[in-house]
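Peer 1: Once you've had a glance at the structure underneath, I'll fire off some questions.
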Amino acid sequence: MTLTPDLLVSAYCQGIFPMAHDDGQIYWYDPDPRAVLPLDAFHIPRSLQRTIKQNRFEIRYSTAFEQVMRACGQPAPGRKTTWISEEFVQVYTLLHRHGLAHSVETWRDGQLVGGLYGVAIRGLFAGESMFSRETDASKVALVALVARLRERGYRLLDVQFQTPHLSRFGVVEIPRRVYQQRLRRALAVEAEFM
């Protein structure tokens with residue numbers, strides 16, 4: 001099956017998302033439970049608050065979307081392979097051009113040092129992946145993302161799977177049926193990322 005922007009939008013609106021496996025095949029996921037980051041219960045650890053106060057990073061939105069995706073797809077400590085194939089880069093970049101995929105970037109001295117990307121459809125933001133080349137760079141991007149989603153009226157930040165990295169920010173797991181209810185409410189809301 002070939003990924004297209006229309007197929008992706010349809011899938012996200014149903015609570016389904018794709019990932020490529022090492023064999024090159026694309027698999028579709030609808031986890032139960034589903035991990036979400038409640039926007040009203042977002043927790044910023046004290047050490048990260050200090051980093052933010054230091055203003056070490058410049059935050060930009062959707063100025064280097066493809067660069068962020070490619071950085072997310074590179075091997076990292078503890079991760080030799082990635083699900084972000086070239087096909088994913090191409091189709092999500094098309095989705096970005098249609099205004100439905102966005103990146104939050106952390107820059108330092110004119111260099112992209114961290115960030116994240118995801119899909120934004122009405123009041124849903126589905127976080128896909130993040131990367132960091134400097135300590136706290138991706139975490140600062142996450143804080144900026146949550147602030148923007150709150151300010152723009154988003155209702156649901158889907159992070160798909162619980163990880164130790166995300167749990168410190170207040171991520172919770174909810175049953176699929178509860179996720180589907182929240183997704184329907186989010187898709188009924190008009191929100192614009194940019």
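Peer 1: Counting other Cβ atoms within 10 Å of each Cβ, which GluC sites (Glu not before Pro) in segment 75-151 have at most 16 and sit in a DSSP loop?
Peer 2: 134
Peer 1: Suppose every Lys and Arg Cβ carries +1 and every Asp and Glu Cβ carries -1, with no other charges. What dipole size does the chain come out with about its Cα centre, to the nearest 20 debye?
Peer 2: So the dipole magnitude of the chain works out to roughly 780 debye.
Peer 1: Once the other residues with Cβ under 13 Å from the Cβ of residue 88 are scored (Lys, Arg +1; Asp, Glu -1), what is the net sum?
Peer 2: Result for the local shell: -3.
Peer 1: For segment 99-172, which trypsin sites (Lys or Arg not before Pro) pass both filters: DSSP loop (anything but H, G, I, E, B) and at most 14 other C-beta atoms within 10 Å?
Peer 2: 168
Peer 1: For segment 5-187, what proportion of DSSP beta bridges, expressed in % and rounded to the nearest 5, is antiparallel?
Peer 2: In segment 5-187, DSSP labels about 90 percent of beta bridges as antiparallel.
Peer 1: Could you give the length gained by full extension between residue 168 and residue 109, i.e. 0.36 nm per residue of separation minus their alpha carbon distance, to one decimal place?
Peer 2: 18.4 nm
Peer 1: Same structure again: At q = 0.11, 0.15 Å⁻¹, what log₁₀ I(q)/I(0) does segment 5-187 have when each alpha carbon counts as one equal point scatterer in the Debye sum?
Peer 2: Log-scaled intensity ratios, in q order: -0.45, -0.88.
Peer 1: When Lys and Arg each count +1 and Asp and Glu each count -1, what net charge do the other residues less than 11 Å away from residue 130, Cβ to Cβ, add up to? Intermediate values should be presented prior to the final figure.
Peer 2: Numbers: positive: 139; negative: 105, 128.
Summing Lys and Arg as +1 and Asp and Glu as -1 gives -1.
Read the figures in this text as sums done on the coordinates, not as results from a lab. Given the structure is predicted, the values throughout are model-derived calculations rather than measurements. Cβ sites come from the backbone with ideal geometry, for glycine too, and all protein chains shown count toward neighbours.
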